[in-house]
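Worksheet for the structure shown next.
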Amino acid sequence: MSNISLQNVSKSFGAKKAVSGISLDIADGEFVVLLGPTGAGKTTTLRLIAGLEKLDAGDILIDGSRVNDEAPSGRDVAFVFQAYSLYPHLSVYENLAFPLRAPARKMAESDIDARVQDVAKMVRIDHKLQNKSTKLSGGEMQRVAIGRALVRDPAIFLMDEPLSSLDAKLRGDLRLELKRIQSEIGATLLYVTHDQIEAMTMADRIGILSDGVLAQIGTPREIYEKPANLYVAQRLGQPHINILTPDMIPAQSLPAGTKHIGARTEHIAIETVAPSKANGSIDWIEHLGDQNHLHLRAGDKKLVALADPFSPFKAGDAVHLTLKSPLCFDQSGNRIG
Amino acid sequence: MAEIRIENLHKSFGDFVAVHDSNFVVKDGEFLALLGPSGCGKTTTLRMIAGLELPSDGAILLDGENVTFNRARDRDIAFVFQLFALYPHMNVRKNIGFPLLAQGVPAAEIKARVEETARLLQIDHILDKPVSGLAGGDRQRVALGRAIIRRPKCFLMDEPLGTLDAEFRDVMVRELRELHLRIKATTVYVTHDQLEAMAMADKIAVMNKGVVEQFGTPQEIYNNPATLFVADFIGSPSMNLIKFEGAFRQGDNFVSIAGTKIAVPQISADLAVGKRVLGVRPEHFRFDAKSLIRAKIYGTEYLGTTQIVALEMFGAMVRARAASDLNFTVGETVGVTFETARLSLFDAETGKAVKTATTKEAAHV
C-alpha cells in the first residue's frame, strides 16, 4: 500500500476550470472521500490520479515518486466505476481471476486460485463463484467488481460512486462491507460521491469540493461540527442546516461580526408557549417514523428541526425558539464561532 | 375536488397478475402514496385510475361516479410524470397557460389564472423567462403549474422526483407537501422511496406483488407493520428482524431467543411452535452494560446527530441507532436492551404480524 500526494494540481477543459490548485495528502491506509455536487471536480481529480487525464499544472506523487508522465498501467492503481463492467460471458471466478491472468504477471494457476478464493471470501461472493456474472443481483455484481480490483493488490484504490446505482438497503450493507474490507487490508482508498451519508459513514477524512477547489478537509466530525464556511456547513446534515440572520431568534452572546447563523437541529430549542409569548409557529410535521421533522416558521423564515416521534407538538402550535451555541459566520461566509 | 374509490380492482397481463383485488379509498383532499418496489403494481394501479390502462375486473369511482371505462380525457384528472416535458419554444407563462388556451378560455382569465398559479408555486418572478434556461427545480415547478392550472378533481403523480439528486429532492418533497397543504387536492403519488412517502403522504398503501399489504397513516405503518414485507420495506435502516422458534400463549409477555428472555408487549394470540420473528426498530435499542443480552460491535457509521451501530447478536447482524457522542470499539462486547412497548412480533410462516397489546386493530387488507 502507498500514499498519494497532490500538489497544486490543476486541470481545465477548454475555458472551464475543472480542478484548480488542489493540494491533498492521503496517508498509507487512509480512506478519503471527496464530496461535492455534480461538476465540483471530484471525478476529474480521480481520473488525474489514475492517469486517465493529463495535468495542466502541479504534481502527483505516489509513494514519493512523481507520476505525472506515467501511463495509467504504470501507476499501480485500481479503479472501480459506478457501472459494474463485468465480463458477461465469464463466471464470477473467471471475472475475479482475469486481472491475474495478464501475461506480464506469469502467475501460477495455484496462486491464482488461492488469491481468487481469498478475495471471494472477503467480498462474500464465495458461494457463487461458478455463477455467470449476468446471473447476479446488482449488489453481488458490485461485490465482484470490487473483488476484481482487490485481487490485483494495487497500491491505491480509486472509486467513483461505486454504490450509486444500488437501492438504498444494499447501499447501506455495502457501505459497511467496504469500510470493513478497507480497514482489514489497510488499503489506501480515494472515493468520490455526492452522497453525504456515504462520506460521513465511511471516510477517515472528507474533502469538500466546490467548483474545483478543496473547500475543507477533515474528519467527518470536524466537517460536521466545525465547518470552515457556509458552503461546507450546507453539505452535511439531515435535515439540512438552517441559515438565519442574527436578529431572528434569541441566542446567547454571538461573536462580533456575525452576519449569518447556521442552526442545525441540535442547535434549536423548541418550547410550546402561549401565542403572546411565541416567536414562531409549527407549519406542519413530517412523520418519518423514527423521528419527526418539525417545519417551523419564525417571522417570514422557514426552519426545520427534529423532534421525537412521540413528542406532543402539533401543526399550528405557537412555539418559542432559542438557539444553543449555533455556528456563526461573517459577512463573507467564513465561520467565526 | 374529489374522492377516489377503488373496488376489487384487478389487472392481469396474460398469466401475470399485476394488481390483485385492490380496495381502498382516497378521501377528498387526501394525499395517498402508493409505495412498493418495482413490479409491485403501483404504476399499473395509477394508470388504471388515470384511464391509461383498462382493469380486468373491478371498479374505479371518482366522486361517486363510475369512471372505470371512461376515456382518460373524460376523467377530470391531471397526470404529472417523472420526466417533465415542457414546450421548449414557449416561455414559462405560455407553458403554464397552455392547457387553458387549448380549452378556449378567454385571454384575460388565462392571464389571471397563470399569475395565481405562479404565485402558488412561487415562480411568479420567472413568468416571462424562456424555459430552456431554467434549473431542474424550476422546470418541475412549471410542469406542476401546468397540471394545477386546470383545477382538476385530482392529481396523479408517477415518481415526479425520481431523477433529481438527493439534496434537491428534499427541497421538492417539502414544496410538494406545502403545495398540497395550500390547495388540498386529492392526490395519488407513486414512489418506491419510503422516505418520500413517509414525508408527504396522509395515507400510504404499501404494495408487494400486486397486493396492497397495508393501508394506513405513515405512523400506523411505521409503528405497527402488518406484515414482514412492510416491516422490512419501511424505515432506514429498516426494522431488524430477529428469527427464532417458539410457541406463544395468549397473555405471554416475553419470548425466549437462544435461551434469553426478552420482554415484549402482551401477546393476544395462541400459536403452536413455529418460526417467529422479533421486529426491533434501530432507535429502540438501549445500551446497558448490565444486560444479559450480549452483542458484538461490528462497525459504526457516524451521521452527525446520531450514529448507526452494526452489532452481531443471536447469530445475525442488526443495526441500532444511538446518540453520536457514545463511543464504541469494533470487536467489543456490549449489553443491549430493547424498548419493550415498541417491539413487533411476526409469524414467519404466514408473514403476518402477531397481535399484541400495542398493535391496534391490524390493518390487513
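The values are calculated or read from the model by the stated rules, or taken from the named source; none is laboratory data. Model, not experiment: these values are computed from the prediction. All Cβ positions, glycine included, derive from the backbone under ideal geometry; neighbour counts span all protein chains shown.
Here are some notes:
- Residue match in the range A:159-179 (condition: within 30 Å of A:Ser5 (Cα to Cα), at pLDDT 90 or above, more than 14 Å from every other protein chain (Cβ to nearest Cβ) and part of a helix (DSSP H, G or I)): no
- Test: residue in the range B:161-180 that is part of a strand (DSSP E or B) and crowded, with 18+ Cβ neighbours inside 10 Å: no
- Qualifying residue in the range A:228-240 (condition: under 24 Å from A:Pro88 (Cα atoms), polar (S, T, N, Q) and at pLDDT below 90): no
- Selection count, the range B:227-258, where residues are part of a loop (DSSP other than H, G, I, E, B) and either in contact with a helix residue (DSSP H, G or I) (Cβ under 9 Å, 6 or more places away or on another chain) or surrounded by fewer than 16 Cβ atoms within 10 Å (Cβ to Cβ) (or both): 11
Here's the yes/no breakdown for (1) part of a loop (DSSP other than H, G, I, E, B); (2) closer than 20 Å to A:Gln196 by Cβ:
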site: A:Gly21; (1), (2): no, no
site: A:Asp28; (1), (2): yes, no
site: A:Pro37; (1), (2): yes, yes
site: A:Arg47; (1), (2): no, no
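- The criterion of at least 2 residues that are closer than 27 Å to A:Gln252 by Cβ, of a type outside the set (Gly, Ala, Ser) and within 9 Å of chain B (Cβ to nearest Cβ) is met by the following strands (runs of 3 or more DSSP E) wholly inside the range A:279-321: A:292-298, A:301-307.
- In the range A:224-240, residue surrounded by the fewest Cβ atoms within 10 Å (Cβ to Cβ) [restricted to those that are part of a loop (DSSP other than H, G, I, E, B) and facing chain B (nearest Cβ under 10 Å)]: A:Gln234
- Restricting attention to the range A:87-115, the residues that are among the β-branched types (Val, Ile, Thr) and in contact with an Asp or Glu (Cβ under 9 Å, 6 or more places away or on another chain) add up to 1.
- Listed by first and then second residue, the pairs linking a residue in the range B:353-365 that is closer than 14 Å to B:Val230 by Cα and at pLDDT below 55 to a residue that is among the aromatic types (Phe, Trp, Tyr) and surrounded by 13 or more Cβ atoms within 10 Å (Cβ to Cβ), with Cβ atoms under 6 Å apart and 6 or more places separating them unless they lie on different chains, are B:Val365/B:Phe215.
- Residue within the range B:336-348 that is among the small types (Gly, Ala, Ser) and in a strand (DSSP E or B) present: yes
- Sole residue being within 14 Å of chain A (Cβ to nearest Cβ), loosely packed, with under 13 Cβ neighbours inside 10 Å and within 26 Å of the chain's Cα centre (by Cα), chosen from B:Ala310, B:Ala316, B:Ala322, B:Ala341: B:Ala341
- Among (1) within 28 Å of A:Arg264 (Cβ to Cβ); (2) not in a strand (DSSP E or B) - the single one B:Leu311 does not satisfy: (2)
- Scanning the range A:103-136 for residues being touching a residue at least 12 places away in the same chain (Cβ under 8 Å) and either in a loop (DSSP other than H, G, I, E, B) or among the aromatic types (Phe, Trp, Tyr) (or both) gives a total of 7.
- Residues satisfying the stated conditions in the range B:1-17, i.e. surrounded by 14 or more Cβ atoms within 10 Å (Cβ to Cβ) and of a type in the set (A, V, I, L, M, F, W, C): B:Met1, B:Ala2, B:Ile4, B:Ile6, B:Leu9, B:Val17
- Meets criteria (closer than 18 Å to B:Asp347 by Cα, buried (at least 21 other Cβ atoms within 10 Å of the Cβ), within 14 Å of chain A (Cβ to nearest Cβ) and in contact (Cβ under 8 Å) with a residue 12 or more places away in the chain) for B:Pro218: no
- Restricting the range A:186-223 to residues that are part of a loop (DSSP other than H, G, I, E, B) and hydroxyl-bearing (Ser, Thr, Tyr) leaves a set whose member that is farthest from the other protein chains (Cβ to nearest Cβ) is A:Thr188.
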